[in-house]
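K.L.:
Once you've had a glance at the structure underneath, I'll fire off some questions.
The values are calculated or read from the model by the stated rules, or taken from the named source; none is laboratory data. Note that this is a predicted model, so its numbers are computed, not measured. When we count neighbours, we look across all protein chains shown, and the Cβ atoms used for this are built from the backbone with ideal geometry, even at glycine. Accessible surface areas use protein heavy atoms only, side chains included; no ligands, DNA or RNA. Shrake-Rupley method; radii C 1.70, N 1.55, O 1.52, S 1.80 Å.
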Amino acid sequence: MLFLYNIIVQIANFSLKIIAQFSPKIKLFIDGRKPVFKILTAKIKPTDKTIWFHAASLGEYEQGLPVIEKIKEKFPNHKIVITFFSPSGYEVRKNNTVADITVYLPLDTKKNATAFIKLVHPEMAFFIKYEYWPNYLNELRKLETPTYLISGIFRKNQMFFKWYGGFYRKALDTFTYFFVQNESSKKLLLQLGKTNVAVSGDTRFDRVATILEKDNSLDFIEAFKNDTLTIVIGSSWPKDESLLVEYINQTNEKIKFIIAPHNIKNEQIQELKNSISKKTVLFSEVETRLIASLQDFDVFIIDTIGILTKIYSYADIAYVGGGFGNPGVHNILEPATFGVPIVIGSNFSHFAEATALVNMGGCISIANKNELSDAFSNLIRNNDVRHEKGHICSTFVQMNKGATSIILKHISED
């Protein structure tokens, strides 16, 4: 089966190189991997001690960040190596300050895995949430490298739990320990005979809880808000925006809107701006205006990345996008930690935190424009409801902290 897998990976590699000629994102995926081995050779000496973290994309990086930071504190003489699979993770966090080396993970061929592990020679390896690359895991197993899955989540429809999933189950044999988010994941692993598992919870709660300790002030957002009730729309997609723009254009409520779209390509940003009938300004236009004049606008479109978390601190109500597409709603924990009531689309069932907050009443799921209008109107006009739902959200985050300390305690005992 491994032989067949390696053939498939080689075919995928060849196909991606062709697709890259027509897709900027795939071109980043291919070109970004070309200098990896040169970078590793230049930055890691054979005598260096290293610890390797792998994240599929940006969300997994943010999820693993509390553990990465604590490991860095605990092992100050080790070099931290972070790899990404996706351009959407690497391109945003390639200049992070927590890692000594940040690179793309080369495709999972036997040759790449052997060369990568030889150059990095990690004393420990951490995979965040998921991604099980057989060749890399086999190399780690050969060298008896302690390998951990953190914030893991398993579902019964995954290949591991199918009758034909033997090849994938073997990949799990590599792991020294599994730190999973919930009891159902633990039970599924126990069915496979994996007793090296603990329910630690989701490290994202630890990450978002620490956001409150940071300086989240943004003078231009404060000027725009001008003490007016504000709805922050984060990570929105066109399907979200089609409902939201209609509401923005029609509402007579005395409120302001901040929109941080998931995609910030200029063409789509301009299309979004042109669809809004109220006075709208882009973040990229702020440099040419006095910040004080921002109070005159009704809608502020954030056509940049990296500041949405801080913007949520100014929200009275948050709408988190993605809930009308696949894989579903984006990160709701960032607005939740600030005690902000949240509105989302209807596709959230694969996200435990969203499901929990909907059931608890801190988050409202909507399926159409009428439900969106009702949800916003209720939250805008009823201070008590807004504050109560916000309190549910912030309490939920605080009550679910602690995954990082569980992981670190166990690793210390190994």
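K.L.:
Would you calculate the separation in nanometres between label points at ASN378 and ALA352, each defined as 7 Å from the Cα along the Cα-to-beta-carbon direction?
P.N.:
If labels sit at ASN378 and ALA352, their model points lie 2.7 nm apart.
K.L.:
With n ≥ 4 as the cut-off for DSSP H runs, can you work out [θ] at 222 nm for the chain, using -39500 (n - 2.57) per run divided by the number of residues, rounded to the nearest 500?
P.N.:
Working: 19 runs with 192 residues, N = 414.
So the helix-based figure for the chain works out to -13500 deg cm²/dmol.
K.L.:
In square angstrom, what is the accessible area per residue of the chain with a 1.4 angstrom probe?
P.N.:
On the way: 19640 Å² over 414 residues.
I get 47 Å² per residue for the chain.
K.L.:
Follow-up. Give the Cα extents of the chain along the principal axes, in whole Å, largest first.
P.N.:
65, 44, 42
K.L.:
Right, here's the next one. If you roll a 1.4 angstrom probe over the protein chains with everything in place, what fraction of the accessible area of the stretch 215-399 belongs to carbon and sulfur, to the nearest %? Show your work: numbers first, answer last.
P.N.:
Details: 4040 of 8400 Å².
That share works out to 48 percent.
K.L.:
Which order do you get for ASP384, ASP206, ASP227 if you rank them by accessible area with a 1.4 Å probe, largest at the top? It would help to have the intermediate numbers written out before the result.
P.N.:
Working: ASP384 115, ASP206 20, ASP227 155 Å².
Per-residue accessible area, sorted high to low, gives ASP227, ASP384, ASP206.
K.L.:
Could you tell me which of rounded, prolate or oblate describes the stretch 220-287, using a ≥ b ≥ c as the square roots of the eigenvalues of the alpha-carbon gyration tensor, with rounded for a/c under 1.5 and, failing that, prolate when a/b is larger than b/c and oblate otherwise? Walk me through the numbers before you get to the answer.
P.N.:
Working: a/c = 1.66, a/b = 1.15, b/c = 1.44.
In terms of gyration-tensor shape, oblate.
K.L.:
Taking H as built 1.01 Å from N, whose amide H comes closer than 5 Å to the amide H of ILE259, not counting residues under 5 places away?
P.N.:
HN-HN under 5 Å from ILE259: ILE233, PHE300, ILE301, ILE302.
K.L.:
Viscosity 0.692 mPa s, temperature 37 °C: what is the translational diffusion coefficient of the stretch 97-209 from Stokes-Einstein with a Kirkwood Rh over Cα pairs, rounded to a whole number of µm²/s?
P.N.:
This corresponds to a translational diffusion coefficient of 218 µm²/s.
K.L.:
What does the highest-first list of 2-8, 388-394 look like by mean Cβ count within 10 Å?
P.N.:
Numbers: 2-8: 11.6, 388-394: 19.1.
Packing proxy ranking, top to bottom: 388-394, 2-8.
K.L.:
So, one more: Please report, in Å, the Rg and the Dmax of the stretch 25-201, where both are computed over Cα atoms only.
P.N.:
When restricted to Cα atoms, the stretch 25-201 yields Rg and Dmax of 15.8, 45 Å.
K.L.:
In sequence order, what are the phi-derived ³J(HN,Hα) couplings for the stretch 98-104 according to the Karplus relation 6.51 cos²θ - 1.76 cosθ + 1.60 with θ = phi - 60°, rounded to whole Hz, with x for glycine and proline?
P.N.:
Along the stretch 98-104, the couplings run 7, 9, 7, 9, 10, 9, 5 Hz.
K.L.:
Of the accessible area of the stretch 25-201, with the probe set at 1.4 angstrom, what percent is carbon plus sulfur?
P.N.:
On the way: 4340 of 7950 Å².
Exposed carbon and sulfur together represent 55 percent of the surface.
K.L.:
Set the Förster radius R0 to 35 Å, insert the Cβ-Cβ distance between ASN274 and LYS94 as r into 1/(1 + (r/R0)^6), and round the FRET efficiency to 0.05. Kindly include the intermediate steps, with their values, before the conclusion.
P.N.:
Values: r = 33 Å, r/R0 = 0.93.
That gives a FRET efficiency of 0.60.
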